[in-house]
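Colleague: Following this message is one structure expressed as structure tokens.
Each reported figure results from applying straightforward, stated rules to the coordinates on display, with no laboratory input. These numbers were taken from a predicted model, which means no experiment stands behind them. Here the Cβ positions follow ideal geometry from the backbone for every residue, glycine too, while neighbour counts run over all protein chains shown.
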Ligand SMILES: Nc1ncnc2c1ncn2[C@@H]1O[C@H](COP(=O)(O)OP(=O)(O)O)[C@@H](O)[C@H]1O
Ligand SMILES: [Mg+2]
């Protein structure tokens with residue numbers, strides 16, 4: 001249970017001259033939900049994106065220090081980014097299903113990675129949709145456009161899409177902030193379910209959500225990981241004054 | 001009270017203007033049909049003009065129009081869409097993009113006869129292609145390139161970034177993402193560019209007369225359809241222009257009817273294709 005899936009070591013990230021992550025050294029446990037909390041602009045999304053190198057996409061980014069997945073540096077030269085992202089999948093704040101059928105959305109990742117066989121794809125699609133608890137709602141309309149789903153369904157579809165490549169880690173950036181309360185509950189339940197198989201890292205600016213779904217919580221402030229530890233102890237007896245202030249609503 | 005009167009007066013003017021412009025269009029189309037319809041019969045459509053038999057026919061021009069339109073698109077669409085993809089997805093807004101944008105805008109506003117002059121001298125003369133369907137198509141390809149590039153670019157610009165980021169997050173390469181998501185999503189815009197281009201191709205006269213010439217014969221079956229590409233071939237519009245200049249107005253109206261039907265058919269086809277692609281994606 002205490003296996004470390006991802007470790008960062010004195011991680012610094014600069015957007016041009018903005019120092020967005022400062023000396024972040026943390027450990028993310030396997031098969032647990034880790035929540036990242038902190039005021040807006042403190043670097044939660046930036047940190048999350050360093051874990052599957054999505055920062056490579058924005059120009060003008062400089063990274064120092066290391067990120068180790070199962071002990072291997074993911075920024076080492078020669079690392080295959082496509083393979084890395086297969087292992088470390090991502091779900092975004094705004095549900096972003098592609099403008100194609102529900103089926104093709106879920107099959108997208110497997111196809112990217114070279115799976116063409118219809119039978120195999122069909123199996124993967126069904127399993128992933130079941131895994132994201134949306135199968136019953138969409139099984140009759142797999143060939144219809146994914147854009148016709150409700151917001152909550154879209155987000156669960158995106159989770160299914162991320163699961164379809166059998167990742168080891170799922171990164172979620174405020175996955176419920178665009179959803180209504182009922183859909184939020186469904187996605188939160190899903191997160192608890194997901195950690196049986198995956199390592200889940202979720203950004204949230206909702207502290208109740210962090211308390212409800214996560215095992216560990218990291219509190220970020222101005223690019224620093226101020227306090228990290230079990231969710232229970234961080235919320236019940238914070239060690240740092242700033243954490244105390246934040247969880248008691250003094251700022252942010 | 002006065003305000004109310006003024007309001008209804010303006011409303012009347014607006015309706016009047018709308019009615020007038022619709023009537024004008026209907027009137028012109030109706031006029032062309034009434035004048036031209038008697039000429040549109042089987043021989044007119046399926047044979048070529050024969051001095052021996054004293055009959056007129058536009059079959060050769062129909063075939064040429066088809067040739068020129070298809071060949072032009074074969075050259076212009078891949079280059080135009082490719083340029084749009086490069087500008088929007090790869091170039092990152094540098095000076096190269098601005099140069100292309102500037103060139104594109106300039107080319108879009110240029111009178112077509114200038115393209116004709118260039119095509120005649122460069123493709124026809126320097127490259128030695130002479131007056132031929134190929135020279136005409138290459139010339140028109142240069143002419144419609146800006147239209148296709150611009151529409152494709154706008155369509156790509158409208159594709160939300162969340163698709164690009166989402167695909168990258170799945171480990172897709174950029175080219176795979178472009179092929180599977182961006183181009184399908186941009187298809188309606190690309191198709192719009194193609195409709196506009198076909199309109200310009202079918203409607204062009206001056207630039208084609210100078211490059212593709214005015215040949216009106218059908219491709220000879222013995223020498224194969226491909227050979228026609230290197231021969232002179234006048235499109236319907238070119239033939240219409242020639243008929244008018246020889247004061248054969250009935251013939252010209254007849255071609256007008258065929259052209260109107262053609263444009264209508266193309267529009268309908270393309271709309272159907274667009275609706276179909278929309279339904280898939
Ligand atoms: N692509 C970018 N280019 C420049 N600055 C950025 C970029 N993304 C984020 N930042 C800056 O980095 C800091 C952290 O942003 P972010 O990670 O999005 O915060 P959070 O997700 O916690 O709200 C902010 O000051 C933000 O303005
Ligand atoms: Mg954020």
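Colleague: Based on the Cβ-Cβ distance from residue A:126 to residue B:42, what FRET efficiency comes out when R0 is 45 Å, to the nearest 0.05?
Modeller: The value I calculate is 0.15.
Colleague: Just to be sure I understand: of the beta bridges DSSP finds with both ends in segment A:112-252, what percent are antiparallel, rounded to 5?
Modeller: Percentage antiparallel, nearest 5: 55.
Colleague: Hey, another quick one. Given points 7 Å out from each Cα along the Cα-Cβ axis, report the residue B:162 to residue A:58 separation in nanometres with one decimal.
Modeller: So the label points at residue B:162 and residue A:58 sit 1.8 nm apart.
Colleague: Right, next: What are the extents of the Cα atoms of chain B along their three principal axes, listed from largest to smallest and rounded to whole Å?
Modeller: 71, 71, 35
Colleague: Quick one: work out the % antiparallel among DSSP beta bridges in the protein assembly as shown, nearest 5.
Modeller: Close to 60 percent.
Colleague: Helix A:151-163 against the longest principal axis of chain A: what's the angle in degrees, Cα atoms only, rounded to the nearest 10?
Modeller: That helix lies at roughly 90 degrees to the long axis.
Colleague: Ranking A:244, B:122, B:115, A:219 by Cβ neighbours within 10 Å, fewest first, what do you get?
Modeller: A:244, B:122, B:115, A:219
Colleague: Give the relative contact order (percent, whole number) for segment A:4-247; include only Cα pairs under 8 Å separated by 6+ residues.
Modeller: RCO, segment A:4-247: 28 percent.
Colleague: Within segment A:4-247, what percent of beta bridges assigned by DSSP are antiparallel, to the nearest 5?
Modeller: Among the beta bridges of segment A:4-247, antiparallel pairing accounts for roughly 60 percent.
Colleague: To continue, here is another question. In which sequence would A:104, A:117 go, from the one with the fewest C-beta neighbours within 10 Å to the one with the most?
Modeller: If I rank by nearby Cβ atoms, fewest first, I get A:117, A:104.
Colleague: Right, something else. Using 7 Å Cα-to-Cβ label points, what is the residue A:239/residue B:23 separation (nm, one decimal)?
Modeller: In this crude label model, residue A:239 to residue B:23 measures out at 8.7 nm.
Colleague: Here's another thing I want to ask about it. In degrees between 0 and 90, to the nearest 10, how far off the longest principal axis of chain A does helix A:118-131 point, with axes built from Cα atoms?
Modeller: 50 degrees
Colleague: Once you have the Cα-Cα distance between residue B:110 and residue B:174, take 0.36 nm times their residue separation minus that, and quote the gain in nm to one decimal.
Modeller: Value of the extension gain: 19.5 nm.
Colleague: Quick one: compute the contact order of segment B:40-280, relative version, from alpha carbon pairs under 8 angstrom and 6+ residues apart, as a percent.
Modeller: 27 percent
Colleague: When you take every Cα atom in segment A:4-247, what is the radius of gyration, and what is Dmax, the widest Cα pair distance, in Å?
Modeller: 17.9, 56
Colleague: Can you check how the C-alpha radius of gyration of segment B:127-250 compares to 2.2 N^0.38 Å, as a plain ratio?
Modeller: Rg over 2.2 N^0.38 Å, computed on Cα atoms: 1.48.
Colleague: Distance between Cα centroids, segment B:190-255 to segment A:141-188: provide it in whole Å.
Modeller: Here the two parts' Cα centres lie 55 Å apart.
Colleague: In addition: Give me log10 I(q)/I(0) at q = 0.09, 0.10, 0.11, 0.12 Å⁻¹ for the protein assembly as shown, Debye formula, one equal scatterer per alpha-carbon, no solvent.
Modeller: Normalising to I(0) and taking log10 leaves -0.81, -0.90, -0.98, -1.07.
Colleague: Please work out the Cα center distance from segment A:1-71 to segment B:79-135, rounded to the nearest Å.
Modeller: 47 Å
Colleague: Take B:255, B:14, A:6 and order them by how many other Cβ atoms sit within 10 Å, fewest up front.
Modeller: B:14, A:6, B:255
Colleague: With axes computed from alpha carbons, what is the tilt in degrees of helix A:102-112 against the longest principal axis of chain A, rounded to the nearest 10 within 0 to 90?
Modeller: The angle comes out at about 70 degrees.
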